[in-house]
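K.L.:
Below you'll find the structure I mean.
Every number in this text was worked out from the coordinates using simple rules, so none of it is lab data. Quick caveat, the model's predicted, so the values are computed rather than measured. Here Cβ is always computed from backbone atoms with ideal geometry, including for glycine, and neighbour counts include all displayed protein chains.
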Amino acid sequence: MVKMIMHGCNGAMGRTITGLAKEMDGIEIVAGIDVNPVVLSDYPVFASLEECNVEADVIVDFASAKAVDHLLDYCVAHKMPLVLCTTGLSAEQIEKVKESSKQTAILRSANMSLGINTLMKLVQDAAKVLANAGFDIEIVEKHHNKKLDAPSGTALALADSINEAMANQYHYKYDRSQERVRRDEKEIGISSVRGGTIVGDHDVIFAGTDEVITFSHTAYSKAIFGKGALQAALFLAGKEPGLYDMQDVIG
């Protein structure tokens, strides 16, 4: 049985994962960490990692970007595997994740769903054909009105996967309102929509002459991310130091 600490246990995703873990074999949440340390389930909740006196095999994080630096320091010091699901990390934090993974196992993914990670593979294959044929690439992501970061980590991950397939020839364009210039053929446009209760929509658009191909993924429930996070925790427990992602989990 893998023993797990839920970092950000009283947030929306923390509560979702708590419910899912009760139905999944092989894993148990033994403690939670939250700035609001109210006990909402059958495990103890602590205000900080330092206060937690419960032994565990892995931490799953769905908290906030501002808590990531301290979380990484803790995991390195305690050689604790970490499934890092929080998005909106700065360039400095991403670099710190890479450095920390040299000392403990870290799995970082902008999106934990099986569908999105399959989509990443599909758009890589599409880009190799369509981009070379002169198709422009645009990504449109839509999320609920409470999401703080933009563009979404998933949109950036999709752009990165395309760029990787194209030998990193592309740069990203987030805003066209400040200049009147023709679109660069080596850019990937990324646009964000925030509204209502949209869980998560991502469209990858390949726009050519007289034809458009769109790859779409729609999340109808946060449960898909929670299931992926738990699968990642099962995968990561006991792993050697290194930086992993969901592609490692799904094989």
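K.L.:
How do His70, His143 line up, fewest other C-beta atoms within 10 Å first?
P.N.:
Final ranking by Cβ density, sparse to dense: His70, His143.
K.L.:
Right, here's the next one. With runs of 4+ DSSP H residues as the only contributors, calculate the mean residue ellipticity of the chain at 222 nm using -39,500 (n - 2.57) per run, divided by the residue total and rounded to the nearest 500.
P.N.:
Details: 7 runs with 80 residues, N = 251.
Rounded to the nearest 500, it is -10000 deg cm²/dmol.
K.L.:
Most exposed first by the Cβ proxy, i.e. fewest other Cβ within 10 Å, how do Phe235, Phe225, Phe215 rank?
P.N.:
Listed from fewest to most nearby Cβ atoms, that is Phe215, Phe235, Phe225.
K.L.:
Picking from Ser100, Ala127, Ile139, whose Cα lies most toward the positive end of the charge dipole for the chain (charges on Cβ: Lys, Arg +1; Asp, Glu -1)?
P.N.:
In the chain, that residue is Ile139.
K.L.:
Which lysines have a Cα less than 22 Å from the Cα of Lys98, not counting those fewer than 8 places away in the same chain?
P.N.:
Straight-distance partners of Lys98: Lys66, Lys79, Lys239.
K.L.:
So how far apart, in nm, are the two label points at Arg182 and Ser216 if each is 7 Å from Cα heading toward Cβ?
P.N.:
A separation of 3.2 nm, rounded to one decimal place.
K.L.:
So which lysines pass the test for Lys22, namely a Cα distance under 21 Å, with those fewer than 8 places away in the same chain ruled out?
P.N.:
Lys3, Lys222, Lys227
K.L.:
Any idea how far apart Glu95 and Leu243 come out in nm if each label point goes 7 Å out from Cα toward Cβ?
P.N.:
About 1.2 nm separates the two model spin labels.
K.L.:
Okay, moving on. Using only the Cα atoms of region 1-133, what are the Rg and Dmax in Å?
P.N.:
16.6, 58
K.L.:
Simple spin-label model, 7 Å along Cα-to-Cβ: Val199 to Asp149 in nm?
P.N.:
Here the answer is 2.1 nm between the modelled labels.
K.L.:
Given a Förster radius of 25 Å and the C-beta distance between Asp69 and Val38 as r, what FRET efficiency does 1/(1 + (r/R0)^6) yield to the nearest 0.05?
P.N.:
Numbers: r = 25 Å, r/R0 = 0.98.
The formula returns an efficiency of 0.50 here.
K.L.:
Where Rh is the Kirkwood radius over the Cα pairs of region 114-219, the temperature 20 °C and the viscosity 1.002 mPa s, what D in µm²/s does Stokes-Einstein return?
P.N.:
D = 152 µm²/s.
K.L.:
Something else about it: Rounded to the nearest 0.05, what FRET efficiency is calculated for Lys79 and Glu23 with R0 set to 22 Å and r the Cβ-Cβ distance?
P.N.:
That gives a FRET efficiency of 0.15.
K.L.:
To the nearest 20 Debye, how big is the dipole of region 136-248 about its Cα centre, given +1 on the beta carbon of each Lys and Arg and -1 on that of each Asp and Glu? Mind showing how you got there, number by number?
P.N.:
Values: 13 positive and 18 negative charges, 118 e Å.
Taking the Cα centre of region 136-248 as origin, the dipole is about 560 debye.
K.L.:
Over 23 Å, how big is the tail of the calculated P(r) for region 166-251, in percent of all Cα pairs? All intermediate terms of the calculation are to be shown ahead of the outcome.
P.N.:
Working: 1865 of 3655 pairs.
That tail contains 51 percent of the Cα-Cα pairs.
K.L.:
Compute, for the chain, the length of the dipole vector about the Cα centre, with Cβ point charges of +1 (Lys, Arg) and -1 (Asp, Glu) only. Units Debye, rounded to 20.
P.N.:
Result for the chain is approximately 300 debye, rounded to the nearest 20.
K.L.:
I've got another one for you. Explain nothing, just the number: relative contact order of the chain, from Cα pairs under 8 Å at least 6 residues apart, as a whole percent.
P.N.:
23 percent
K.L.:
Diagonalise the Cα gyration tensor of the chain and give the resulting equivalent ellipsoid semi-axes, square root of 5 times each eigenvalue, largest first, whole Å.
P.N.:
Numbers: eigenvalues 241, 66, 57 Å².
Output for the chain: semi-axes of 35, 18, 17 Å.
K.L.:
Same structure, new question: Based on Cα positions only, what radius of gyration and what Dmax would you give for region 1-49, in angstroms?
P.N.:
9.9, 28
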